[in-house]
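Heads up, the thing below is written out as structure tokens.
The values are calculated or read from the model by the stated rules, or taken from the named source; none is laboratory data. These numbers come from a predicted model, not from an experiment. Please note: Cβ atoms are built from the backbone with ideal geometry, for glycine as well, and neighbour counts cover all protein chains shown. We work out accessible area using only protein heavy atoms, side chains counted, and drop any ligands, DNA or RNA first. Shrake-Rupley method; radii C 1.70, N 1.55, O 1.52, S 1.80 Å.
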Number of protein chains: 2
Amino acid sequence: MGVPSTALFTDQYELTMLQAALKAGTAERHSVFEVFTRRLPEGRRYGVVAGTGRVLDAVENLHFDEDVLDFLRERNIVDEETLDRLAGYRFSGDIWGYPEGEVYFPGSPIMRVEGSFAECVLLETVILSILNHDSAIAAAASRMSSAAGGRPLIEMGARRTHELAAVAAARAAYIGGFATTSDLAAGYRYGIPTVGTSAHAFTLLHDSERDAFRAQVDSLGRGTTLLVDTYDVAEAVRTAVEVAGPELGAVRIDSGDLLLVAHRVRQQLDELGATDTRIIVTSDLDEYAIASLAAAPVDAYGVGTQLVTGSGHPTGSMVYKLVARTGSADPHAPLVPVAKKSSGGKTSMGGRKWAARRPDADGVAEAEVVGTGPVPAELAGHQLLVELVKGGEVVGREPLDAVRDRHTAARAGLPLSATQLSRGEPVIPTEYVRGPSGN
Amino acid sequence: MGVPSTALFTDQYELTMLQAALKAGTAERHSVFEVFTRRLPEGRRYGVVAGTGRVLDAVENLHFDEDVLDFLRERNIVDEETLDRLAGYRFSGDIWGYPEGEVYFPGSPIMRVEGSFAECVLLETVILSILNHDSAIAAAASRMSSAAGGRPLIEMGARRTHELAAVAAARAAYIGGFATTSDLAAGYRYGIPTVGTSAHAFTLLHDSERDAFRAQVDSLGRGTTLLVDTYDVAEAVRTAVEVAGPELGAVRIDSGDLLLVAHRVRQQLDELGATDTRIIVTSDLDEYAIASLAAAPVDAYGVGTQLVTGSGHPTGSMVYKLVARTGSADPHAPLVPVAKKSSGGKTSMGGRKWAARRPDADGVAEAEVVGTGPVPAELAGHQLLVELVKGGEVVGREPLDAVRDRHTAARAGLPLSATQLSRGEPVIPTEYVRGPSGN
């Protein structure tokens, strides 16, 4: 794609801060950075962690090749000492985080990166890019899959987002509960099941709708999905069953009043004996439209634009903040908690944090507890952070299906109102526990 | 990035439609596809064409390697005849389009792709992904650069979007009038000027704000930009000028009431003799916030989230539609205009189109005219489509600065109300002219 490694998915200030810290002798101070968000998107009741697996890939692949170093040298972005340091760069620290697919709330320490300032400071942008994008899509997907009940959702949004964002979006949608994707690159890269239907162009290419349906059935079999809204829907359904027989796999409706049309098409299919032919609806669906079709005879939903744009919230507001560091290069020196303190807002809690989700007597989550210092004994079994990278080695990689299952379970562990589509507050509050030393 | 070529930025149905058309003998019908949008995002007065250069790269790189073919075979996505066809795939047709940086309106034929159905059908998703994403960002950037007057805008949104979408976003922002980007990958890939400031983490790493400022100035020089809102802004500004002297390049303010704080900081800097020290503001800016700071002593704006998410409209609604095709494989057979006709909406005008922007007596645009058939003589000199690909060869590549200049000129040719930020209708209407045969 014209960018050789993840090294340059980096804001310039990360490299210039490294240069200044190297010269000042502070670059080796042991540092703890945390990823968190101060708020959920307005009205949302929970967030969904997605992108963790992609972060692990990015951290593993973050190295500065010769041509990248040449670029930095020619542009005079950093000095030779810094270039030397970058040439040998490999992340050798530790990363803990919420496991992918988990839910999160304001203040949740979604990821914690620990190592020298020099190695941690370079990861800010790439980690945030991935988590902010993927979590936004997964959150929308999760709401849509709730709204769909058990009906399968097809991710069809590639054409509405950047071509590689589309691949990540298909992955995030799968985590959030989608069944399949139309994006072949997502099938290739992540093994997500792919599906396809047909476009109006295919019907229009042929001299008649009947010719088009016959061509599709001849080649792809009776199990195919025929698109029935190019001309007249009722006539198309009749033709479709004539051509494919009652074994026709599915019809797709991509325009009009889907609720009304789905009922009519179902009745017509049944009358024609095509009682097993499924109805797939597409056309600017979001979670509300999906919910409104709950009583309609719809078998699957194809979702595009609203999924890949996060259904109104196309990005997360996660930040990557230094929360503690030593006062010297000695990694065993005591950690000093740090935090921005200006009066203009954006303040946060310093210190390295743990997190736990406290269940009530019935096992339903009742609070997200975030703290510094020792973990209270009653929460020890409910901690959320897991080890992802240990001494530079990725230890937290896992199959996408495990992540998808985790999300289903995590969402099911929340109070029922989590999956209400209406706007509301985070479904559980975040409580803060400050340790004696703040770290 | 784990995806070997642009071949798989494709929805599965494109390949299965190809298979069906090959079997039906319709795959070689000469076909004309057009990219257009039925509407602008709500309230927007014009759109900005961006991504054209990236489309040309994608078309040039669209070929099916062995491992991609293996994937398609193993997944049983298409049959062997289709795989053979894909193995030799190179786009050999023609592409015309609005030149990149131009403005567009509902119905504008932004791009026209012509060749056999077999070769054109595969380009739908990748072309739409690129144009829908990049044009959305460029449109937001254009509004922001209008709002900023002559003050420079810095693109800082990489952390709020997919890591590769960020690179394309920086490119689109540059087209829309941004001056620089913080994203190093965008500098590497597209030669966009890169800049950096500093983060709160750098201040917090050090034992005092003074130590941090000294470290930064020692290493990066007095021309650097110091971040002054980690603790107390007034104290930070005082310290900054003490450390760097009045030659300090700039200070950055990233939180608080920017209007108020900018005035105070300017006054303080002037009193300290740092009259040339610039003030850069960042913190969730959009075009409205930028406009509201017009009277503030601000020298540059850094914009992130709202830019890379299209300021409320993260994607375009462009579609890729078959508008005409021959009735046989003979490319010289007459073109038959085609269009979807169902009652459910989404209809469009068939036939291969031209487009012109008609000026009034003062040379200001007064209508977008889109038609089929012969171009009226009075519009011949105002046509918009240019040749981009000829017989499979890219002929329309151009430097990014030329694209950026074109956008400035195109916007300046619109009625003044184009750059009003308030919601409104498209600033000029689209008129349709139907040729005698509709093609």
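Tabulated results
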| item | result |
| --- | --- |
| Failed criterion for A:LEU40 (all others in (1) outside any loop (DSSP other than H, G, I, E, B); (2) of a type in the set (A, V, I, L, M); (3) in contact with a Gly (Cβ under 7 Å, 6 or more places away or on another chain) hold) | (1) |
| Count of the stretch B:162-186 residues which are of a type in the set (A, V, I, L, M, F, W, C) and in a loop (DSSP other than H, G, I, E, B) | 2 |
| Subset of the stretch B:217-240 that is outside any helix (DSSP H, G or I) and facing another protein chain (nearest Cβ under 10 Å) - its residue that is surrounded by the most Cβ atoms within 10 Å (Cβ to Cβ) | B:VAL228 |
| Single condition A:PHE91 does not satisfy, out of (1) crowded, with 21+ Cβ neighbours inside 10 Å; (2) away from every other protein chain (no Cβ under 14 Å); (3) within 28 Å of A:VAL433 (Cβ to Cβ) | (3) |
| Filter result for B:GLY176 (surrounded by fewer than 22 Cβ atoms within 10 Å (Cβ to Cβ) and within 17 Å of the chain's Cα centre (by Cα)) | no |
| Strands (runs of 3 or more DSSP E) wholly inside the stretch A:288-389 that include at least 1 residues being within 14 Å of chain B (Cβ to nearest Cβ) | A:300-303, A:319-326, A:335-337 |
| Sole residue being farther than 25 Å from B:ARG143 by Cα, aliphatic (A, V, I, L, M) and out of contact with any Ser or Thr (no Cβ under 9 Å at 6 or more places or on another chain), chosen from B:ALA356, B:ALA409, B:ALA380 | B:ALA380 |
| Enumeration of residues in the stretch A:399-439 that are without any contact (Cβ under 8 Å) to a residue 60 or more places away in the chain, open to solvent by 70 Å² or more (accessible area, probe 1.4 Å) and not in a helix (DSSP H, G or I) | A:PRO399 |
| Residue match in the stretch A:258-279 (condition: open to solvent by 10 Å² or more (accessible area, probe 1.4 Å), at pLDDT below 95 and in a loop (DSSP other than H, G, I, E, B)) | no |
| Residue among B:SER135, B:SER92, B:SER108, B:SER116 that alone is more than 30 Å from B:SER328 (Cα to Cα) and small (Gly, Ala, Ser) | B:SER135 |
| Test: residue in the stretch B:14-27 that is crowded, with 24+ Cβ neighbours inside 10 Å, without any contact (Cβ under 8 Å) to a residue 40 or more places away in the chain and either farther than 20 Å from B:PRO99 by Cβ or at the interface with another protein chain (Cβ under 9 Å from one of its Cβ atoms) (or both) | yes |
| Matching residues, the stretch B:115-149, being outside the structural domain of B:GLY53 (by TED's automatic domain parsing) and without any contact (Cβ under 8 Å) to a residue 40 or more places away in the chain | B:SER145 |
| Residue count, the stretch B:52-88 (criterion: touching a strand residue (DSSP E or B) at 6+ places or on another chain (Cβ under 6 Å) and either open to solvent by 10 Å² or more (accessible area, probe 1.4 Å) or charged (D, E, K, R) (or both)) | 1 |
| Residue among B:VAL323, B:VAL303, B:VAL364 that alone is at pLDDT 95 or above, among the β-branched types (Val, Ile, Thr) and open to solvent by 40 Å² or more (accessible area, probe 1.4 Å) | B:VAL364 |
| Scan of the stretch B:193-214 for residues that are touching an Asp or Glu at 6+ places or on another chain (Cβ under 9 Å), more than 7 Å from chain A (Cβ to nearest Cβ) and either under 21 Å from A:LEU62 (Cα atoms) or surrounded by fewer than 24 Cβ atoms within 10 Å (Cβ to Cβ) (or both), ordered by number | B:GLU209, B:ARG210 |
| Filter result for B:GLY107 (surrounded by 16 or more Cβ atoms within 10 Å (Cβ to Cβ), touching a residue at least 12 places away in the same chain (Cβ under 8 Å) and in contact with a helix residue (DSSP H, G or I) (Cβ under 7 Å, 6 or more places away or on another chain)) | no |
| Matching residues in the stretch B:143-161 - criterion: being part of a loop (DSSP other than H, G, I, E, B), more than 14 Å from every other protein chain (Cβ to nearest Cβ) and open to solvent by 20 Å² or more (accessible area, probe 1.4 Å) | B:GLY149, B:GLY150, B:ARG151, B:PRO152 |
| Test for A:LEU184: is it in contact (Cβ under 8 Å) with a residue 24 or more places away in the chain and either within 14 Å of the chain's Cα centre (by Cα) or within 30 Å of A:ALA215 (Cα to Cα) (or both) | no |
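Let's see how each residue does on (1) under 23 Å from A:ARG160 (Cα atoms); (2) touching an Asp or Glu at 6+ places or on another chain (Cβ under 8 Å); (3) not hydroxyl-bearing (Ser, Thr, Tyr):
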| site | (1), (2), (3) |
| --- | --- |
| B:PHE9 | yes, yes, yes |
| B:TYR13 | yes, no, no |
| B:ALA20 | no, yes, yes |
| B:PRO41 | yes, no, yes |
| B:ARG54 | yes, yes, yes |
| B:VAL59 | yes, no, yes |
| B:LEU62 | yes, no, yes |
